[in-house]
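Accompanying notes for the structure given below.
The values are calculated or read from the model by the stated rules, or taken from the named source; none is laboratory data. No experiment lies behind these values; they were computed from the predicted model shown. A quick note on method: Cβ atoms are made from the backbone with ideal geometry, for glycine too, and the neighbour counts reach across all protein chains shown. Accessible surface is based on the protein model in full, side chains and every heavy atom, while ligands, DNA and RNA are left aside. Shrake-Rupley method; radii C 1.70, N 1.55, O 1.52, S 1.80 Å.
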Amino acid sequence: MSFLEILYFMAPVSIAYAAPLIFTALGGVFSERSGVVNIGLEGLMVMGAFIGIVFNLFFYDTFGNWTPWIALIAAMVVSAVFSLLHAVASITFRADQVVSGVAINMLGLAVALFLTKMIFDKGQTDFVKKAIPNFNIPGLDQIPVIGPMLFKGVYGSSILAIVAAIVAWYVIFKTPFGLRLRAVGEHPMAADTMGIHVNRIRYIAVVISGALAGIGGAIYSQTMTRDFGHATINGQGFMALAAMIFGKWHPIGAMGAAIFFGFAQALTVVGPSIPFIKEIPTGYLHALPYVLTVLALAGFIGKATGPKAGGKPYIKGSR
Amino acid sequence: MSNRMINILVPVISVILGLLVGAIVMAVSGYDPILGYTALWNGIFGDSYAIGETIRQITPYILAGLAVAFAFRTGLFNIGVEGQLIVGWFAAVYVGAAFDLPKVIHLPLSILAGAAAGALWAFLPGLLKAKMKIHEVIVTIMMNYIALHVVNALIKTWSGGGDKTERILDSASLRSDFLASLTDYSRLHYGIIIALMMVVLMWFLLEKTTMGFELKSVGFNENASEYGGMKIGKNIILAMVISGAFAGLAGAMEGLGTFGNMYTRGGFTGIGFDGIAVALLGANTPLGVIFGAVLFGSLKYGALNMPNAAQIPEEIVQIVIALVIFFVACGYAIRLLLSKISKKKEAK
């Protein structure tokens with residue numbers, strides 16, 4: 001297989017794997033920019049993946065070909081509501097945000113599996129009839145080299161993800177809301193003095209992160225696995241968290257990092273049919289994305305420091 | 001109400017709230033909560049076999065709880081107990097099966113191999129934290145997945161493509177005919193004694209040694225400790241390594257005591273993550289960890305009886321455990337409520 005053929009093979013798979021990571025990492029950016037550490041992204045993604053599949057299964061007859069897209073909205077809403085738990089605990093009740101996030105992760109998986117067993121009477125759901133479709137973009141896919149790499153077999157969700165990253169950048173850096181969001185995450189007391197409702201902004205940010213992680217989860221389950229079980233999400237949320245840190249809490253940076261991690265995951269899928277890489281036993285290949293993440297954190301980004309007020313509840317009047 | 005009283009009441013109230021919400025979830029889902037909790041109770045205490053198995057389940061929970069609690073006390077969040085447990089399990093089984101030695105040497109060596117593997121797995125996050133200030137949470141999470149996949153691959157290589165390792169030799173086994181016969185031939189093994197010894201060891205390390213003082217001090221305030229002449233990096237790495245060794249021991253208990261071998265896994269054991277719950281409920285104290293482990297270990301084992309006896313998915317217990325962590329984390333709200341109640345009483 002020539003190098004170019006490998007690229008044609010790898011690029012679409014990488015982008016497909018990156019889409020859920022982009023959405024979830026963007027969610028992380030919103031939450032952490034406001035000063036709320038959200039390690040619960042994994043659990044929120046699990047919830048999204050579960051709701052996406054269940055909605056798809058039950059409403060296929062009603063909505064037909066539009067089902068996967070409406071399922072994304074359903075997953076978004078449910079995960080947003082679910083993330084309120086994290087918001088209440090870490091903002092109003094001043095809980096340790098990492099601990100509350102861990103609870104969200106455990107709760108998300110447990111509730112999803114509990115409901116799966118209740119509804120389907122087995123450990124995983126049925127397969128959906130209609131997954132998120134991929135298509136060739138007419139015209140653009142005829143461009144030499146770039147065409148087959150970027151515009152053949154594109155999932156609509158991948159385009160959505162890239163659009164979402166740009167919108168997130170605009171919202172965080174170009175709108176009054178974004179300015180407030182960042183102010184609250186850096187110096188909540190100063191923001192409070194200027195009349196910004198610190199906790200209200202943080203609530204909104206956490207709910208946005210839940211909504212985006214829900215979409216991410218539903219995209220993953222409706223493109224990659226097409227059913228839901230205990231191992232469906234298996235670390236995607238944590239990888240999105242790493243992408244957010246790798247991207248230094250910037251939407252576009254997070255998108256770039258997510259594409260890198262998508263590539264690493266594509267290697268594990270496509271790897272066995274590529275020369276050199278197929279020599280590596282699959283078990284080690286599965287560990288590769290995580291090894292790359294550690295290496296990336298250790299080697300390439302230099303010092304990563306999040307928003308100043310990250311992880312600390314804002315208590316009025318205390319210094 | 002005294003501070004000490006409140007400190008004890010917060011976890012107790014959290015557990016009660018967790019069980020209550022669990023009951024509500026069951027009721028809303030159309031199950032009978034009383035039937036469910038009866039099945040849970042019988043699963044834990046039903047007969048001597050169940051009690052033996054429950055104690056067996058508590059063993060790794062104590063060690064996983066110690067691992068998380070030790071790290072917490074030194075200002076670190078070791079979320080990688082799961083991965084350290086998996087490599088510890090594998091290392092213990094490997095040494096237990098690959099060497100042929102007299103029991104007095106073989107068993108301690110296998111146990112130490114587990115602890116050493118866990119320590120090694122925690123060393124890297126410690127090193128990255130100490131030298132490059134990379135947050136240990138994210139690195140340990142990644143190390144969990146690396147452990148899972150690498151150990152699966154190692155088992156495949158070792159067994160020539162199979163999905164389980166060889167069995168350990170009798171000279172490396174923690175199995176105890178005496179404890180088994182006492183509990184109607186459950187898989188209860190000597191590991192519980194090791195776990196309790198480790199509880200004492202953690203207390204001694206933290207409260208009675210200079211090393212423990214330094215570790216705690218660095219966790220409280222890095223700058224002040226550095227000013228006091230302590231080496232920050234060394235202490236962070238040491239704390240992670242000790243925590244990892246506890247986690248590796250938990251794996252060794254599973255490998256040498258409960259199972260006697262290791263299978264390839266599709267997902268995590270969950271013991272490492274439940275260890276977080278154990279440590280939190282026990283307020284990160286050695287004695288508290290025992291209580292946390294007894295509670296969650298019992299719940300976890302008893303839950304296995306629920307699908308059969310009450311047709312309720314066992315995941316309900318995982319929901320309860322998650323809720324308990326959630327409520328403990330919200331301790332501020334419970335404290336606020338308690339102080340309001342006690343103030344009202346005083347006013348009367």
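What tally of residues in region B:225-253 results from selecting those that are without any contact (Cβ under 8 Å) to a residue 12 or more places away in the chain and either closer than 20 Å to B:Ile168 by Cβ or assigned to a helix (DSSP H, G or I) (or both)? Selection size over region B:225-253: 3.
Checked against the criteria, A:Val77 counts as under 18 Å from the mean Cα position of the chain (by Cα) and away from chain B (no Cβ under 14 Å). Total residues in region A:256-275 satisfying the condition of being under 19 Å from A:Met224 (Cα atoms), in contact with a helix residue (DSSP H, G or I) (Cβ under 7 Å, 6 or more places away or on another chain) and not β-branched (Val, Ile, Thr): the figure is 10.
Could you tell me whether B:Gly30 is within 14 Å of chain A (Cβ to nearest Cβ), loosely packed, with under 15 Cβ neighbours inside 10 Å and at pLDDT below 95? It is true that B:Gly30 is within 14 Å of chain A (Cβ to nearest Cβ), loosely packed, with under 15 Cβ neighbours inside 10 Å and at pLDDT below 95.
Determine whether region B:199-221 contains at least one residue that is more than 11 Å from chain A (Cβ to nearest Cβ) and of a type in the set (Lys, Arg). Within region B:199-221, one or more residues are more than 11 Å from chain A (Cβ to nearest Cβ) and of a type in the set (Lys, Arg).
How about region B:258-296: which of its residues are part of a loop (DSSP other than H, G, I, E, B), open to solvent by less than 10 Å² (accessible area, probe 1.4 Å) and within 23 Å of B:Glu207 (Cα to Cα)? Passing the criteria: only B:Gly282. Residues that are open to solvent by 10 Å² or more (accessible area, probe 1.4 Å) and touching an Asp or Glu at 6+ places or on another chain (Cβ under 6 Å) do occur in region B:231-238. Checking each residue in region B:157-180 for being part of a helix (DSSP H, G or I) and crowded, with 19+ Cβ neighbours inside 10 Å picks out B:Ala172, B:Leu179.
If you go through region B:297-324 and pick out every residue that is open to solvent by less than 10 Å² (accessible area, probe 1.4 Å) and either of a type in the set (Phe, Trp, Tyr) or within 12 Å of the chain's Cα centre (by Cα) (or both), you end up with 1. For region A:245-259, name all the residues that are modelled with pLDDT under 90 and crowded, with 21+ Cβ neighbours inside 10 Å. If the condition is that a residue be modelled with pLDDT under 90 and crowded, with 21+ Cβ neighbours inside 10 Å, then A:Ile245, A:Phe246, A:Gly247 are the ones that fit.
Considered as a group, the residues in region B:335-348 that are among the aliphatic types (A, V, I, L, M) and open to solvent by 20 Å² or more (accessible area, probe 1.4 Å) include one that is farthest from the other protein chains (Cβ to nearest Cβ), and that residue is B:Ala347. Would you mind finding the one in B:Gly22, B:Gly75, B:Gly88 that is touching a residue at least 40 places away in the same chain (Cβ under 8 Å) and at positive phi? After applying the criteria, what remains is B:Gly75. Scanning region A:57-86 for residues that are open to solvent by less than 40 Å² (accessible area, probe 1.4 Å) and more than 14 Å from A:Pro20 (Cβ to Cβ) turns up A:Gly64, A:Thr67, A:Ala74, A:Ala80, A:Phe82, A:Ser83, A:His86. Based on what the data block shows, is A:Ile91 under 29 Å from B:Leu19 (Cα atoms), assigned to a helix (DSSP H, G or I) and touching a Ser or Thr at 6+ places or on another chain (Cβ under 8 Å)? Considered against the rule, which asks whether it is under 29 Å from B:Leu19 (Cα atoms), assigned to a helix (DSSP H, G or I) and touching a Ser or Thr at 6+ places or on another chain (Cβ under 8 Å), A:Ile91 comes out as no.
Among the residues of region A:262-294, write down those that are facing chain B (nearest Cβ under 10 Å) and closer than 26 Å to A:Glu32 by Cβ. Passing the criteria: A:Pro289, A:Tyr290, A:Val291, A:Leu292, A:Thr293, A:Val294.
Is it the case that some residue within region B:156-166 is within 14 Å of chain A (Cβ to nearest Cβ), without any contact (Cβ under 8 Å) to a residue 12 or more places away in the chain and of a type in the set (S, T, N, Q)? Among the residues of region B:156-166, at least one is within 14 Å of chain A (Cβ to nearest Cβ), without any contact (Cβ under 8 Å) to a residue 12 or more places away in the chain and of a type in the set (S, T, N, Q), which makes the answer yes. Report whether or not A:Ser318 is more than 10 Å from chain B (Cβ to nearest Cβ) and part of a loop (DSSP other than H, G, I, E, B). Spelling it out, A:Ser318 is indeed more than 10 Å from chain B (Cβ to nearest Cβ) and part of a loop (DSSP other than H, G, I, E, B). Just to be sure, is B:Asn7 of a type outside the set (Val, Ile, Thr) and without any contact (Cβ under 8 Å) to a residue 40 or more places away in the chain? No; evaluated as a whole, the condition is false for this residue.
Conditions (1) under 20 Å from A:Asp96 (Cβ atoms); (2) open to solvent by less than 10 Å² (accessible area, probe 1.4 Å), marked per residue:
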| residue | (1), (2) |
| --- | --- |
| A:Ala11 | no, no |
| A:Tyr17 | no, no |
| A:Ile22 | no, yes |
| A:Phe30 | no, no |
| A:Ile39 | yes, yes |
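Are any of the residues in region B:181-195 of a type in the set (Lys, Arg) and in contact (Cβ under 8 Å) with a residue 12 or more places away in the chain? Looking through region B:181-195, at least one residue is of a type in the set (Lys, Arg) and in contact (Cβ under 8 Å) with a residue 12 or more places away in the chain. Residues that are surrounded by 23 or more Cβ atoms within 10 Å (Cβ to Cβ) and within 16 Å of A:Ala309 (Cα to Cα) within region A:202-226 comprise A:Arg202, A:Ala205, A:Val206, listed in sequence order. Residues that are modelled with pLDDT of 95 or more and surrounded by fewer than 24 Cβ atoms within 10 Å (Cβ to Cβ) do occur in region B:241-257, at least one of them. Starting from residues that are more than 14 Å from every other protein chain (Cβ to nearest Cβ) and of a type in the set (S, T, N, Q), keep the ones in region A:220-260 and report whichever is nearest to the chain's Cα centre (by Cα). For region A:220-260, the residue satisfying everything is A:Ser221.
How many residues are crowded, with 24+ Cβ neighbours inside 10 Å and within 12 Å of chain A (Cβ to nearest Cβ) if we restrict to region B:72-85? The number of residues fulfilling the criteria is 7. Got at least one residue in region A:47-56 being surrounded by fewer than 24 Cβ atoms within 10 Å (Cβ to Cβ), in contact with a Pro (Cβ under 7 Å, 6 or more places away or on another chain) and more than 30 Å from A:Gly306 (Cβ to Cβ)? No: region A:47-56 contains no residue that is surrounded by fewer than 24 Cβ atoms within 10 Å (Cβ to Cβ), in contact with a Pro (Cβ under 7 Å, 6 or more places away or on another chain) and more than 30 Å from A:Gly306 (Cβ to Cβ).
In this structure, B:Leu299 does not satisfy being more than 10 Å from chain A (Cβ to nearest Cβ), more than 23 Å from B:Ala23 (Cα to Cα) and either in contact (Cβ under 8 Å) with a residue 40 or more places away in the chain or in a helix (DSSP H, G or I) (or both).
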